[in-house]
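I have placed the structure first, in the form of structure tokens, so that the comments after it can refer back to it.
The values are calculated or read from the model by the stated rules, or taken from the named source; none is laboratory data. Quick caveat, the model's predicted, so the values are computed rather than measured. FYI the Cβ positions are ideal-geometry reconstructions off the backbone, even for glycines, and counts take in every protein chain you see.
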Amino acid sequence: MSLRFRHAVVVGASSGIGASIARMLAADGCAVALLGRREAELQRVVASLPAGARAIPVVHDVTDQTGVPLLFERLVADLGGLDLLVYAAGDMHVPEEGEYDFARDRRQIEVNVLGAMAWTGAAAAHFEARRSGTIVGVSSIAGVRGRRTMPAYTTSKAALSAWLEALRNRVSRHGVNVVTVKPGFVDTAMTTHLTKKPMMISADRAASLILATARRGGSPSAYIPAQWGLVAFVVRHLPSWLFRRLDL
Amino acid sequence: MAGSTLRASAPWKVLDGFGASVRSVSRFVRPESPEALAAVLARAAAESLPVVLRGSGRSYGDASLNTGALAIDMRGMSRILAWDAERGVADLESGVTIGDLWRHSLPQGWWPTVVPGTMHPTMGGCVAMNIHGKNCYRAGPFGDHVLELDLLTADGRTRTLSPQHEPELFRAVIAGLGLLGVVTRVRVQLKRMHSGRLRVRPIQTPTLEAMFDALAARTSTADYLVGWVDCFASGAALGRGLVHEAHHLAEGEDPLGAATLAASHQELPGSIFGVPRSLVWRFLQPITNDFGIRWLNHAKYVVPEPTDRDGTFLQSHTAFAFLLDYVPDWRRVYGPGGFLQYQIFLPDATARAGFREALQLCQRRGVVSYLGVFKRHRADTFLLSHGLDGWSMALDFPVPEHDAERLWALTRDLTQLVLEAGGTFYPAKDQVVDAASFARAFGDRVTRFKAIKQQLDPAGVFASDQARRLGLV
């Protein structure tokens with residue numbers, strides 16, 4: 001089975017993986033609504049789309065979850081339907097040693113979890129009623145364990161993965177394809193400040209693998225690229241006394 | 001939700017019709033008092049957000065769906081407001097179910113005069129659809145036993161209606177599909193009972209003609225009559241089935257006496273053939289196909305029901321009336337596509353030929369109903385009521401998950417058959433009839449209804465997916 005997407009919403013499309021996914025969808029003839037917080041970046045992405053692409057750029061801050069229901073309805077109407085929603089918005093902060101900044105922690109939960117719940121929940125209701133549709137949530141391998149170097153980020157990605165699994169268990173029986181993707185290191189603005197980036201891939205490569213996973217259907221949960229699955233397996237099974245001694 | 005709009009803040013819910021073959025997503029609220037309800041209505045009106053009223057969701061199609069708009073769940077208002085055990089009169093909020101009502105009234109010797117095949121519908125639903133029971137030929141529909149009701153209209157005003165006070169509006173609200181306002185209180189008349197049991201006689205009817213004759217011969221004597229049709233039987237056996245006639249027991253006639261009125265005597269059995277009721281649908285699902293149902297029907301027809309020597313047996317009211325409640329979640333046996341019910345209502349003069357044609361049409365098309373239920377009806381005076389002096393045959397069809405065109409084509413032909421035979425449609429069961437066919441069947445009644453609707457609800461606050469499809473809003 002290979003799904004063909006005709007109408008898509010990409011949340012977090014102004015840069016990184018989301019921008020690459022939007023470009024690939026548009027190149028495939030899909031009408032795309034691109035949502036991002038930064039208007040200038042969003043316009044740059046729209047300008048980079050293939051000629052003739054049908055794109056709807058929307059400036060949207062995912063921390064404004066109250067506006068999601070109305071915006072979602074408007075986009076479905078403007079696109080003429082919806083068969084794919086990608087939630088690629090993300091925020092990461094690596095605190096310094098001894099730094100405890102609740103405002104920064106909270107923002108990561110707002111962007112990575114609550115925004116995702118608002119958008120994917122709206123899409124799930126729409127798709128459940130229609131008995132078809134695909135939801136892609138960009139989680140991370142970082143959600144496998146609670147890491148000392150990025151506590152709020154790993155917490156948020158663990159929560160996002162759990163949310164997507166719950167959503168999958170809720171709506172896959174109604175024909176909805178819920179895809180969790182867990183990339184490793186991807187070369188985006190979010191990761192520029194990280195010092196160690198093993199097995200890093202480009203945003204375009206990540207987007208390509210993510211869309212291929214989504215098109216397969218069957219509500220998969222996949223590491224991007226797949227080799228990270230082995231890393232996740234090892235990391236998940238490290239005893240706690242050992243894991244806390246690692247500089248991860 | 002204070003301070004924000006319903007459009008932005010009301011939660012969403014995916015709702016389906018009871019047949020599980022039609023569904024939609026809408027905003028959803030469950031007010032728990034008349035004041036909260038009025039506030040929601042006022043906000044919906046201010047936001048031009050259409051409202052559908054939903055009870056237990058027992059209408060088979062899209063009558064209580066409202067895609068993208070607002071569904072108000074009336075089950076938050078389910079109080080028994082007053083009960084007169086001397087006269088058998090109850091004042092009820094519209095979220096009270098038939099089950100709530102009999103559990104309250106039967107121990108004191110009163111049974112709801114008209115009940116459908118399930119105890120789950122709410123009073124609001126019973127009024128909106130003017131539901132009928134197995135005694136329709138005698139007792140008429142539900143509306144004939146409503147003494148009075150309160151209607152909250154779109155302008156925020158509450159009107160008390162009865163057959164004496166504003167009778168025209170009263171007759172439009174009953175069977176009015178919830179499109180004229182919210183029924184917030186219903187006063188109903190119940191029927192006196194001396195026993196919690198009925199005397200039931202099963203009668204085998206080898207042909208459709210025999211079934212018509214069996215019912216026709218008993219309408220003046222039996223308290224309830226219902227037929228089951230084996231829709232797979234063909235040729236000389238076309239329309240064969242079983243008729244069940246039931247009689248109330250007179251005072252002193254039941255050897256167990258008034259003890260049978262207790263609610264505990266009425267509860268349906270916890271298991272069927274040793275299988276917990278809640279699991280039975282899982283056992284039925286593998287045989288719910290043409291082959292399995294054909295043989296199940298055959299067995300049901302030929303294996304006699306256990307009776308006493310006089311050919312009758314005693315059965316509780318609930319066991320006789322609420323056959324659909326025996327198997328919880330039974331609609332799931334039809335699989336992910338769900339099912340639809342097409343209930344054909346035809347006048348007495350055309351019913352025999354019409355039902356024969358309908359059964360043959362289904363067989364010719366290879367789309368045969370898994371369940372056929374047969375009833376006699378009488379005419380009533382409610383504006384959009386399906387009631388007529390005639391007969392009904394309800395047909396249940398599984399809806400294939402993919403490529404259901406054969407089924408849709410059949411329903412179009414059944415609609416044509418109903419129109420040509422002078423029949424009517426029953427919105428509680430409908431999910432396929434188009435606006436032109438509905439208008440043709442109901443004639444100037446649709447025009448009169450829309451005039452009342454325009455007067456009471458000019459902004460079109462009350463709506464539904466079905467009402468839009470039928471051209472009523």
Practice task
Kindly indicate whether any position in region B:57-78 is among the β-branched types (Val, Ile, Thr) and touching a His at 6+ places or on another chain (Cβ under 9 Å).
Solution key: no
Practice task
Answer yes or no: is there a residue in region A:71-87 that is in contact (Cβ under 8 Å) with a residue 12 or more places away in the chain and closer than 21 Å to A:Asp187 by Cβ.
Solution key: yes
Fill in the blank from the handout: Counting only residues in region A:164-180 that are outside any helix (DSSP H, G or I) and out of contact with any helix residue (DSSP H, G or I) (no Cβ under 6 Å at 6 or more places or on another chain), the one farthest from the other protein chains (Cβ to nearest Cβ) is identified as A:Asn177
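This table checks each residue for (1) part of a strand (DSSP E or B); (2) within 14 Å of chain A (Cβ to nearest Cβ); (3) charged (D, E, K, R); (4) over 30 Å from B:His402 (Cα atoms).
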position: B:Arg294; (1), (2), (3), (4): no, no, yes, no
position: B:Ala299; (1), (2), (3), (4): no, no, no, yes
position: B:Arg309; (1), (2), (3), (4): no, no, yes, yes
position: B:Leu314; (1), (2), (3), (4): yes, no, no, yes
position: B:Arg331; (1), (2), (3), (4): no, no, yes, no
position: B:Gln341; (1), (2), (3), (4): yes, no, no, no
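Residue-wise test of (1) outside the structural domain of B:Glu168 (by TED's automatic domain parsing); (2) within 19 Å of the chain's Cα centre (by Cα); (3) crowded, with 21+ Cβ neighbours inside 10 Å; (4) over 21 Å from B:Pro347 (Cβ atoms).
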site: B:Asp380; (1), (2), (3), (4): yes, yes, yes, no
site: B:His386; (1), (2), (3), (4): yes, yes, yes, no
site: B:Ser392; (1), (2), (3), (4): yes, yes, yes, no
site: B:Pro398; (1), (2), (3), (4): yes, yes, yes, yes
site: B:Gln416; (1), (2), (3), (4): yes, no, no, no
site: B:Gly422; (1), (2), (3), (4): yes, no, no, no
site: B:Phe425; (1), (2), (3), (4): yes, yes, yes, no
site: B:Ala441; (1), (2), (3), (4): yes, no, no, no
site: B:Val446; (1), (2), (3), (4): yes, no, no, no
Completion exercise
Scanning region A:30-67 for residues that are modelled with pLDDT of 95 or more, small (Gly, Ala, Ser) and under 20 Å from A:Thr134 (Cβ atoms) gives A:Ala31, A:Ala33, A:Ala55
Handout entry: Residue that is nearest to the chain's Cα centre (by Cα) [pool: residues in region B:40-63 that are among the polar types (S, T, N, Q) and away from chain A (no Cβ under 14 Å)]
Key = B:Ser59
Practice task
Check A:Thr195, A:Thr154, A:Thr180 and return the single one that is crowded, with 21+ Cβ neighbours inside 10 Å and without any contact (Cβ under 8 Å) to a residue 24 or more places away in the chain.
Solution key: A:Thr154
Problem - Index of the failed condition, B:Thr447 passing every other in (1) farther than 30 Å from B:Trp330 by Cα; (2) modelled with pLDDT under 95 - result: (2)
Handout entry: Total residues in region B:179-200, condition among the basic types (Lys, Arg) and surrounded by 18 or more Cβ atoms within 10 Å (Cβ to Cβ)
Key = 4
Fill in the blank from the handout: In region B:216-245, anything under 18 Å from B:Ser392 (Cβ atoms) and not in a loop (DSSP other than H, G, I, E, B) is listed as B:Ala216, B:Tyr224, B:Leu225, B:Val226, B:Gly227, B:Trp228, B:Val229, B:Gly241, B:Leu242, B:Val243, B:His244, B:Glu245
Fill in the blank from the handout: The helices (runs of 4 or more DSSP H) lying entirely within region B:370-473 that contain at least 1 residues which are within 30 Å of B:Arg157 (Cβ to Cβ) and in contact (Cβ under 8 Å) with a residue 24 or more places away in the chain are B:435-442, B:444-456, B:465-469
Handout entry: Failed criterion for B:Thr97 (all others in (1) touching an Asp or Glu at 6+ places or on another chain (Cβ under 6 Å); (2) more than 14 Å from chain A (Cβ to nearest Cβ) hold)
Key = (1)
Handout entry: Tally, over region B:6-39, of residues that are within 14 Å of chain A (Cβ to nearest Cβ), in a helix (DSSP H, G or I) and of a type in the set (A, V, I, L, M, F, W, C)
Key = 2
Exercise for the section: State yes or no: is B:Ala82 aliphatic (A, V, I, L, M) and outside the structural domain of B:Thr113 (by TED's automatic domain parsing)? Expected result: no
Completion exercise
When B:Arg75 is run through (1) within 14 Å of chain A (Cβ to nearest Cβ); (2) closer than 30 Å to B:Gly337 by Cα; (3) crowded, with 18+ Cβ neighbours inside 10 Å, the failure sits at (1)
Handout entry: strands (runs of 3 or more DSSP E) contained entirely in region B:40-136, each with at least 1 residues that are free of Cβ contacts under 8 Å to residues at least 24 places away in the same chain
Key = B:80-84
